[in-house]
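One structure is given below, encoded as structure tokens.
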Amino acid sequence: MDDVVTNRARASGSAAAKIRRDSGFAPTDPAVYFDLFEPARRTRKPAVMMIHGGGHTCTCYIHAPDGRPGWAQFFAGRGHRVVVPDWPGTGRSGAVANDRLTGELVCRALGGLIEHLGEPVVVLTHSMSGAYGWKLIENCGARIPALVAVAPGPPGNVQPPAEIVARTADHIDIRRGGSVRRVPLREARLPDMEFVRGKLLGPDTRHFPMQAVDAYARTLQSLPPRLMYERQNIDASQLRVADTRPFKDKPILMVTGSADVDHTRAIDGAIAAWLREIGAAIEFRFLADEGIAGNGHMLMLEDNSDAIAGLIVDWIAANVR
């Protein structure tokens, strides 16, 4: 990591003292900020890069809103070197003009970070970054020995185009799930509490620390308009996988909670079916089938997050040599 400016801070506390934390910027275009967590003693276990979803930054993997340590520390405590970047244009990665910030640009910058790390990296995606994970396998699959997709957004190969109800120069109204949603075309939009409670938590979640909802909502970031446009697959704009050959026999784990309103067994099962068709070694874990019931969308923040992290770490150990 010779070209990365880093600021090293050794974690304090008896448990955390076994983990070193760095931070820096990768020399990509645009630059990508990342935090790095690693065990004090290096192991032969693969590095893991955790990519956040829309409206979030890498901090969603670093600590839960009720103060518990996050997946970054859990995975590092189990011997993995963990890299948690902010998307370009998001958080500490710095501003990128809205008309430039596309999914292709995000993937190019994250792919540059993978290349710069100089070692095989298991990629873990969540939600909106699911589409970026599929594209990263196509673009740099030789450096990605496995992928973990947590409640992932689909590729354009699977997701049907949005049904457009109305269109203006400033916004597009689309119909989704029986309701109409407005997607801005010029301005970034901050998730409101209706979105937080209805989508990110879900009305039936049993595990989100509800006493910390307001604190969690204050951590959210505005959603860049072009990225939201692509996520809704307006005008068939969602990222597509053109070359499926890098998926052949690629170990992929998909994990979905049973109380996630936008990621039902059928919806995420369609992604798993497509992955199976193109030859990936896909395992789809619907958590209720694992005896872990009632989880919503933000699995890494819920009160049983360690149990889910343990499931993922064990899968990596069994599938990446």
### Residue identified as crowded, with 18+ Cβ neighbours inside 10 Å, among the β-branched types (Val, Ile, Thr) and over 18 Å from the mean Cα position of the chain (by Cα) among ILE164, ILE234
ILE234
### Message
If GLY269 satisfies all but one of (1) assigned to a helix (DSSP H, G or I); (2) at pLDDT below 95, what's the number of the condition it fails?
### Response
(2)
### Query
Out of all the residues in the stretch 168-179, which are modelled with pLDDT of 90 or more and either outside any strand (DSSP E or B) or exposed (fewer than 14 other Cβ atoms within 10 Å of the Cβ) (or both)?
THR168, ALA169, ASP170, ARG175
## Note on the structure
Of the residues in the stretch 294-307, those that are free of Cβ contacts under 8 Å to residues at least 60 places away in the same chain and either loosely packed, with under 15 Cβ neighbours inside 10 Å or closer than 20 Å to LYS199 by Cβ (or both) come to none
#### Entry: Pick from the stretch 187-216, criterion buried (at least 19 other Cβ atoms within 10 Å of the Cβ) and among the hydrophobic types (A, V, I, L, M, F, W, C), ranking: farthest from PRO88 (Cα to Cα)
PHE208
### Query
Restricting to the stretch 180-224, what's the tally of residues that are part of a loop (DSSP other than H, G, I, E, B), within 20 Å of THR256 (Cα to Cα) and not aromatic (Phe, Trp, Tyr)?
7
### Query
Across the stretch 272-293, what is the total count of residues that are surrounded by fewer than 15 Cβ atoms within 10 Å (Cβ to Cβ), outside any helix (DSSP H, G or I) and basic (Lys, Arg)?
0
### Message
Testing SER23 on (1) within 18 Å of the chain's Cα centre (by Cα); (2) farther than 29 Å from TYR229 by Cα; (3) assigned to a strand (DSSP E or B), one condition comes back false. Which one is that?
### Response
(1)
### Message
Checking the structure you have, find out if any residue of the stretch 134-148 is in a strand (DSSP E or B) and either more than 23 Å from LEU36 (Cα to Cα) or at pLDDT 95 or above (or both).
### Response
yes
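Residues are listed down the side, and each one gets a yes or a no for (1) part of a strand (DSSP E or B); (2) touching a residue at least 24 places away in the same chain (Cβ under 8 Å); (3) of a type in the set (Lys, Arg):
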{"site": "LEU36", "(1), (2), (3)": "yes, yes, no"}
{"site": "ARG42", "(1), (2), (3)": "no, yes, yes"}
{"site": "ASP66", "(1), (2), (3)": "no, yes, no"}
{"site": "GLN73", "(1), (2), (3)": "no, yes, no"}
{"site": "GLY79", "(1), (2), (3)": "no, yes, no"}
{"site": "ALA95", "(1), (2), (3)": "no, no, no"}
{"site": "VAL106", "(1), (2), (3)": "no, yes, no"}
{"site": "GLU115", "(1), (2), (3)": "no, yes, no"}
{"site": "LEU124", "(1), (2), (3)": "yes, yes, no"}
### Message
I need every pair where a residue in the stretch 264-293 that is in contact (Cβ under 8 Å) with a residue 60 or more places away in the chain has its Cβ under 9 Å from the Cβ of a residue that is part of a helix (DSSP H, G or I), sequence separation at least 6 or different chains.
### Response
ILE271/GLY130; ILE271/TRP134; ALA293/LEU287
### Task
Exactly one condition in (1) touching a strand residue (DSSP E or B) at 6+ places or on another chain (Cβ under 8 Å); (2) without any contact (Cβ under 8 Å) to a residue 60 or more places away in the chain; (3) over 20 Å from GLY89 (Cβ atoms) is not met by LEU136; state its number.
(3)
### Message
Whether any residue in the stretch 301-317 is over 18 Å from the mean Cα position of the chain (by Cα), more than 22 Å from HIS52 (Cβ to Cβ) and not in a helix (DSSP H, G or I) is what I want to check.
### Response
no
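The values are calculated or read from the model by the stated rules, or taken from the named source; none is laboratory data. What you see is a predicted model; the values in this text were computed from it and never measured. Backbone-built Cβ (ideal geometry, glycine too); neighbour counts: all protein chains shown.
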